[in-house]
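Trainee: This is the structure, below, for whatever I ask next.
The values are calculated or read from the model by the stated rules, or taken from the named source; none is laboratory data. Since this is a predicted model, take the numbers as computed values, not measurements. Counting neighbours? That spans all protein chains shown, and the Cβs are built from the backbone with ideal geometry, glycine included. Remember, those area values only see protein heavy atoms, side chains included, never the ligands or the DNA or RNA. Shrake-Rupley method; radii C 1.70, N 1.55, O 1.52, S 1.80 Å.
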Amino acid sequence: MSGTVLVTGGAGYIGSHVVKQLGEAGRKVVILDNLSKGFRNAVLHGELIVGDAADIELVSNILTTANIDAVMHLAAHTVVPESVADPMKYYGNNTCTTRNLLTCCQRTGVKHFIFSSTAAVYGMPDGPVATEDTPTLPINPYGRSKLMSEYMLGDLANAGGPSFVILRYFNVAGCDPRGRIGQSTPDATLLIKVACKAALDPAASLAIFGTDYPTPDGTGVRNYIYVEDLAHVHLKALGYLEHGGESRIFNCGYGHGYSVREVLDMVAKVAGTTFSVREESRRPGDPPSLVAGTDRIRAELDWEPRYDDLEMIVRTALNWERHLFGNG
Ligand code: UDP
């Protein structure tokens, strides 16, 4: 019932939190990460293999020799504006890599596949909340590169491939409450990370991208989810598939959002400081508002958020940023 799990991207930000929780749950884990964005010392559990998830020979070998039953595929590029500037990078590393990985899974008979997708597949939903049945109309290459992988998973499952859970992540933030792992990418562009940096470093710059959106305060609204809650979803999804659950898509969020200004106010409050903010024009590829409908995940995965608390999320992110800042 509980075989070895392969986690691609397990040395990265979200992957390292998933690996940590799998370890705490007593699961046997192999991590495959090319360390392009990940860090060796972020892997708190299991065996790390340094390599690429697109490497068919390497992956087939791992799946066979480590007796892998389930794959969690988190390795990906995730920056929306970068995907607009360099789409082939995204179709290569996100879509083509998933294709190679699935080819290996099919050949070796992997039973279950958990795929990290994104709210970006929805594009600009009509209503304030996107449910899993909201039409997928991505407006940037990042979202499209992930949606193509979703299609592949569905087609392969119909042809006898692994059962799957697709997790559409909304905006992931925060770090391990004990401060052992966090979001370490030096050039990360995510709002909470960038704002925490600005709170600590007067030389760091911070811009609000767009103040004329049709939202209550004119800035973009997103549904921030704590990385520990998101990691827990992966364990729930694994248990669900291992107990015979049918292939399914789940939104990962809390069902409500915060604007950019609300997030910046919280960072200033938690940091006990102010920082200067420029107002700039909208960033290409950004929708005004993205909030997760969460009825399905709560009902079918029996998942409840444990940390739906922006202040706590920001506090852990800020502590991690202090740790990075202190280490130069
Ligand atoms: N954002 C911003 N300044 C920044 C980074 C992000 O105003 O330096 C805004 C962005 O336009 C969006 C929200 O914050 O409305 C979240 O962006 P982020 O890059 O964190 O995640 P995304 O939603 O693009 O995946």
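Trainee: Just to make sure I understand: if all protein chains stay in place, what is the order of TYR122, TYR151 by accessible area at 1.4 Å, largest first?
Mentor: Putting TYR122, TYR151 in descending order of accessible area: TYR151, TYR122.
Trainee: Still on this structure, I have one more. With viscosity set to 1.306 mPa s and temperature to 10 °C, compute the Stokes-Einstein D of the stretch 46-131, Rh being the Kirkwood radius across alpha carbon pairs; µm²/s, no decimals. Could you put the intermediate results ahead of the total?
Mentor: Values: Rh = 14.6 Å.
It comes out at roughly 109 µm²/s.
Trainee: May I pose another question? Restricted to Cα positions, what overall size does the chain have along the principal axes? Three whole-Å values, descending.
Mentor: 54, 44, 38
Trainee: Let me ask another. So how do VAL129, VAL194, VAL314 rank on accessible area, 1.4 Å probe, biggest first, that is with the largest at the start?
Mentor: VAL129, VAL194, VAL314
Trainee: Can you pull the accessible area of PHE39 for me, 1.4 Å probe, Å² to the nearest 10?
Mentor: Approximately 80 Å² for this residue.
Trainee: Using the alpha-carbon centroid of each, what span in Å lies between the stretch 12-63 and the stretch 112-149?
Mentor: Taking the Cα centre of each part, the stretch 12-63 and the stretch 112-149 sit 25 Å apart.
Trainee: What does the accessible area of ARG296 come to, in Å² to the nearest 10, when a probe of 1.4 Å is used?
Mentor: Result for ARG296: roughly 40 Å² accessible.
Trainee: Another question, if that's okay. Run the quick spin-label model on ASP187 and PHE325: label points 7 Å from Cα toward the beta carbon, then report their separation in nm to one decimal.
Mentor: For ASP187 paired with PHE325, the spin-label model returns 2.3 nm.
Trainee: Give the calculated FRET efficiency between ARG282 and ASP309 to the nearest 0.05, with a Förster radius of 35 Å applied to their Cβ-Cβ distance.
Mentor: The calculated FRET efficiency here is 0.75.
Trainee: Quick one: which residues, 5+ away or cross-chain, put their amide H under 5 Å from the amide H of PHE113? H built at 1.01 Å from N.
Mentor: Here VAL71, SER163, PHE164, VAL165 satisfy the definition.
Trainee: R0 = 30 Å: FRET efficiency of GLU246 with ALA25, Cβ-based, nearest 0.05?
Mentor: That gives a FRET efficiency of 0.85.
Trainee: Here is a follow-up. For a quick check of understanding: with a 1.4 angstrom probe and all protein chains in place, what accessible area in square angstrom does THR136 have, to the nearest ten?
Mentor: Surface accessible to solvent at THR136 totals approximately 40 Å².
Trainee: Sticking with this one: List, largest first, the extents of the alpha carbons of the stretch 143-192 along their principal axes, each in whole Å.
Mentor: Principal extents (largest minus smallest coordinate, Cα): 43, 24, 17 Å.
Trainee: Under 19 Å between alpha carbons, and skipping anything fewer than 8 positions from LYS111 in its own chain: which lysines qualify?
Mentor: Leaving aside lysines fewer than 8 places away in the same chain, those within reach of LYS111 are LYS28, LYS236.
Trainee: Follow-up. Counting pairs of alpha carbon atoms under 8 Å apart in space and at least six apart in sequence, what relative contact order in percent does the chain give?
Mentor: Relative contact order comes out at 19 percent.
Trainee: Largest first, what is the accessible-area ranking of ASP295, ASP187 with a 1.4 Å probe?
Mentor: So, going from the largest accessible area down, we get ASP295, ASP187.
Trainee: Follow-up. What number in nm² do you get for the stretch 221-328 if you take the convex hull of its Cα atoms and divide its surface by four? Present the calculation step by step, with values, prior to reporting the outcome.
Mentor: Numbers: hull surface 36.7 nm².
Averaging across all directions leaves 9.2 nm² for the Cα convex hull.
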